[in-house]
C-alpha cells in the first residue's frame, strides 16, 4: 500500500486530505509543520509527500530543499493557497513533482499522486537495473590481494589468453570472469555462462555443443549449444572441475581446433570463443586421481588467477558491507541503513568460511532484523555463524 505524508499546519486541511486518500486505499501520515515532516521522512519511507508552502518553523520550499540535499528521492507535490506562477516555477526548480493551489481540485490531486507514484516506481526500477548492471563489472576492495588481482585482470583481459580462476566457494570467481569479459575486446558480444556442476553428466555435452533433432529421446528439436551462443564472445565454464571426462575430451577438441559437433550431428561448426573457466577444486590433485585431463588443464590454464578468501582480506569488509547495505536498500525500495563501527569490528573477527556470499547473507539478515542502525548487539544476536 503506497504511503503518503501530508505536511500542513492547517488541521482541517490534513483531516480532509486524509479522509480522501484513505478512501482511495493509501496509507496516510500527518505532520503539523516542516520540522516534524522532515523528522518523519528520516524515520519512515514515503512514496509521495504533499507539502504546504506557507508554514511556521520551516516553510515547504525549505523542507523540499533540505530533503533534496540529502539525496532522498521522494516526489513532492506542493500545495499552497498563495499560489502564483513564480511560486510554482520556484518549487519546480527546487525539485517538486507538481504544484497545486488550495483548495485543491480532488481529481487533479489524485491524478497528480498517481503520476508521482508511477514516476517513483520507474525511478526505483531504473536504479535496480543500473545496480544490477554495475554489479557485473565492479570488484569491491582495496586490500593488497584485491589490488594485485585487479592489476592482473587489467593486463590479461585485453588479450585472447584463456584464464583459469581458482578459489573457494563464495569468493567471487564469477565476478572476476565478468570483469575479464567487460575489459576485453569481446565485451560487445555475449558472455555465456555454464555451471558445469549444476548440469547432469548425461546432458552436459548437449548443453555445451547442442544437439540435432532426434539425436536422443527428448531431442524433439535442434538445440544450439553454449559454444555457438558464445561465438565471438566469452564462454565462462564455472566449476569445470565437475565436468565428466568425456565432456572434457570434447571441450579439449573444441579448444584445439576451434570447432564443435552437435550431439547426433556430423557437421563440424567453426566457433570463435574465448574460454574462461573457474573451479573450487585442486585440479592438479584431480589430475593425479585421473578425474581431470592434464592436457585440458594446460589448455585452459594459460593464465591462472586465484581469488583470495575473505579471511585473507578482512580490511575489505567495511567496503563490502557498505556496498551490500546499498544494494539491499535498493532491492527492498528502502533507505540504506547505517552500521556502527563496533559492529564492523565484530564482523571482521569472523572466519567467513562462506566468504563474500556468506557476508552478503549476514548483512541482509542484519538489515531485516535491526532498527535504523545496525549495532554491535545486533551482530552478536543475529550474525551467529
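The values are calculated or read from the model by the stated rules, or taken from the named source; none is laboratory data. All figures in this text were calculated on a predicted structure; none of them were measured in a lab. We place every Cβ from the backbone using ideal geometry, glycine too, and count neighbours over all the protein chains shown.
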Report task. Filter region 265-315 down to residues that are more than 29 Å from residue 139 (Cα to Cα) and buried (at least 17 other Cβ atoms within 10 Å of the Cβ), then give me how many there are. Result -> 5
Query raised in the report: Across region 6-19, what is the total count of residues that are touching a residue at least 12 places away in the same chain (Cβ under 8 Å) and more than 11 Å from residue 52 (Cα to Cα)?
Result: 3
Query raised in the report: Being assigned by TED's automatic domain parsing to the domain that holds residue 163, farther than 28 Å from residue 159 by Cα and either out of contact with any helix residue (DSSP H, G or I) (no Cβ under 7 Å at 6 or more places or on another chain) or assigned to a loop (DSSP other than H, G, I, E, B) (or both), is that true of even one residue in region 223-238?
Result: no
Requested in this report: Only one of these is farther than 23 Å from residue 296 by Cβ, in contact (Cβ under 8 Å) with a residue 40 or more places away in the chain and buried (at least 18 other Cβ atoms within 10 Å of the Cβ): 214, 170, 233. Name it.
Outcome: 170
Query raised in the report: Quick check, is residue 261 under 30 Å from residue 154 (Cβ atoms) and at pLDDT 90 or above?
Result: no
**Report entry** Subset of region 137-158 [part of a helix (DSSP H, G or I) and more than 19 Å from residue 357 (Cβ to Cβ)]
**Finding:** 144, 147, 148, 150, 151, 152, 153, 154, 155, 156
Query raised in the report: Which members of region 194-206 meet the condition of being out of contact with any helix residue (DSSP H, G or I) (no Cβ under 6 Å at 6 or more places or on another chain) and either part of a strand (DSSP E or B) or surrounded by 19 or more Cβ atoms within 10 Å (Cβ to Cβ) (or both)?
Result: 195, 206
Query raised in the report: Tally time: how many residues in region 328-344 are in contact (Cβ under 8 Å) with a residue 40 or more places away in the chain and part of a helix (DSSP H, G or I)?
Result: 2
Query - Filter result for residue 181 (part of a loop (DSSP other than H, G, I, E, B) and under 22 Å from residue 302 (Cα atoms)) - result: no
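Here's the yes/no breakdown for (1) surrounded by 13 or more Cβ atoms within 10 Å (Cβ to Cβ); (2) modelled with pLDDT under 95; (3) not assigned by TED's automatic domain parsing to the domain that holds residue 171:
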residue: 331; (1), (2), (3): yes, yes, yes
residue: 337; (1), (2), (3): yes, yes, yes
residue: 344; (1), (2), (3): yes, no, yes
residue: 355; (1), (2), (3): yes, no, yes
residue: 362; (1), (2), (3): yes, no, yes
residue: 372; (1), (2), (3): no, yes, yes
Report task. Report yes if residue 273 is under 23 Å from residue 154 (Cα atoms), in contact (Cβ under 8 Å) with a residue 60 or more places away in the chain and within 31 Å of the chain's Cα centre (by Cα), otherwise no. Result -> no
Query - Condition check for residue 161: in contact with a strand residue (DSSP E or B) (Cβ under 8 Å, 6 or more places away or on another chain) and part of a loop (DSSP other than H, G, I, E, B) - result: yes
Report summary line: Considering residues that are over 26 Å from residue 241 (Cβ atoms) and in contact with a helix residue (DSSP H, G or I) (Cβ under 7 Å, 6 or more places away or on another chain), the number found within region 290-330 is 11
Requested in this report: Check 359, 347, 366 and return the single one that is part of a helix (DSSP H, G or I), touching a residue at least 12 places away in the same chain (Cβ under 8 Å) and in contact with a strand residue (DSSP E or B) (Cβ under 7 Å, 6 or more places away or on another chain).
Outcome: 366
